[in-house]
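Since every read-out is calculated from the coordinates, none of them should be taken as a lab result. Predicted model, so just to flag it, every value in this text is computed and none were measured. Ideal geometry is used to build each Cβ from the backbone, glycine not excepted, and the neighbour counts take in all protein chains shown.
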């Protein structure tokens with residue numbers, strides 16, 4: 001049967017990196033490749049000696065495959081570089097490129113579908129299920145909630161359904177709608193963030209594919225309210241060559257709103273709920289139209305089975321680790337905006 005694995009470039013608290021590895025091993029990955037985008041001794045210690053898990057460091061090869069052998073300024077460029085390197089070097093048959101907050105969800109073992117995929121298909125696309133919330137109260141772990149799906153009629157109907165909150169959504173989702181790729185190896189492809197490329201310099205999605213009928217991607221766009229807000233503020237303040245990094249208008253609206261409210265924790269929590277909250281009646285309506293699902297998510301149990309009590313996936317524990325991990329970012333946001341994470345932390 002075909003062998004598959006996952007690759008991610010991560011800059012997250014160690015607990016999330018451990019969960020990413022544990023989940024994908026539990027569902028059948030033959031290899032988990034994790035690139036630490038900056039040093040993370042705690043994550044390295046957790047993953048050390050775990051069979052089939054390979055820890056790398058961004059730039060450990062001197063960026064020799066890239067332009068001028070320089071570290072790409074944008075994190076998307078580093079993601080592309082690292083994923084393509086593993087695709088070139090791997091003995092796996094297929095490689096999935098997804099982030100530490102993205103978890104493959106399968107109805108049947110993935111190798112079953114891959115074995116039935118003809119050689120004319122270069123890749124499969126995992127469509128997105130985006131986690132959102134029906135309650136403001138923290139759950140037992142950071143993976144609770146329901147999942148909404150891409151809504152192709154959103155442009156015509158979204159404003160009527162969500163009101164002004166619709167400005168934060170693109171086709172019904174707050175994050176990306178493009179999904180992530182399962183890419184066939186051994187053909188000289190590069191892997192971009194959302195789809196593979198016929199060669200390194202290509203920028204177009206021109207390789208033959210089909211959506212997976214067996215797997216999807218669970219996207220946790222912010223594991224806690226604080227995690228979401230820090231992500232928005234980081235993006236709002238990140239510039240490359242003096243210019244903001246381009247994003248779609250709905251995403252830009254989230255960043256801008258976070259920056260405007262950065263010194264007001266009550267308003268920041270309201271923004272999180274406007275973007276990721278689903279009222280009960282909205283959830284029922286979306287579910288009736290197959291735009292929302294309620295799967296049983298077992299990531300915390302899978303992590304516990306592999307790491308025991310060494311990993312704390314409670315919202316409060318994750319936020320404590322997040323504040324330590326993002327101390328430099330938080331200090332910068334405090335100086336620029338008066339941002340204070342204390343009131344946003346899960347209790």
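Odds and ends about this structure:
- Estimated FRET transfer efficiency when R0 is 35 angstrom, pair residue 140-residue 260 (beta carbons, to 0.05): 0.60
- Arranged from fewest to most other beta-carbon atoms within 10 Å of their beta carbon, 302, 44 become 44, 302.
- Choice from 332, 234, 216 with maximal GNM fluctuation in the chain (Cα, 10 Å cutoff): 332
- Per-residue Cβ neighbour rank within 10 angstrom, fewest leading, 189, 213, 168: 213, 168, 189
- Each 10 Å bin from zero holds the following percent of Cα-Cα pairs in segment 174-213: 28, 56, 15, 1.
- Across the chain, the mean sequence separation of Cα contacts (distance under 8 Å, 6 or more residues apart), normalised by length, yields a relative contact order of 22 percent.
- Computed from the Cβ-Cβ distance with R0 of 22 Å, the FRET efficiency linking residue 289 to residue 213 stands at 0.65.
- As computed over segment 17-132, the Cα convex hull volume per residue (Å³): 140 Å³
- Exposure proxy order (Cβ contacts within 10 Å, fewest to most) of 232, 345, 1: 1, 345, 232
- For the pair residue 203 and residue 164, the difference between a 0.36 nm per residue extended length and the Cα-Cα distance amounts to 10.6 nm.
- A Cα-only calculation for segment 150-306 places Rg and Dmax at 18.1, 51 Å.
- Report note on the peptides 96-103, 290-297, 200-207: ranked by the mean count of other C-beta atoms within 10 Å, highest first, their order is 96-103, 290-297, 200-207.
- Once the convex hull of all Cα atoms in segment 308-347 is built, its volume per residue stands at 53 Å³.
- Segment 259-309 shape via C-alpha gyration tensor axes, a/c threshold 1.5: oblate
- GNM top mover of 78, 251, 210 - the chain, alpha-carbon springs below 10 Å: 210
- Computed over segment 99-242, Kirkwood Rh from alpha-carbon pairs, angstrom: 17.4 Å
- Beta bridges by DSSP in the chain, antiparallel share as percent, to the nearest 5: 50 percent
- Segment 27-135, relative contact order [Cα under 8 Å, separation at least 6], %: 22 percent
- Max mean-square fluctuation residue, GNM over the chain, Cα-Cα springs under 10 Å, options 136, 171, 80: 136
- For segment 239-347, alpha-carbon Rg over 2.2 N^0.38 Å: 1.36
- Largest-first principal axis extents of the Cα set of segment 137-209 (Å): 46, 37, 18
- Computed [θ] at 222 nm, helices only, for the chain once each DSSP H run of length n ≥ 4 contributes -39500 (n - 2.57): -11000 deg cm²/dmol
- Hull volume in cubic angstrom per residue (convex hull over the Cα atoms of segment 102-141): 101 Å³
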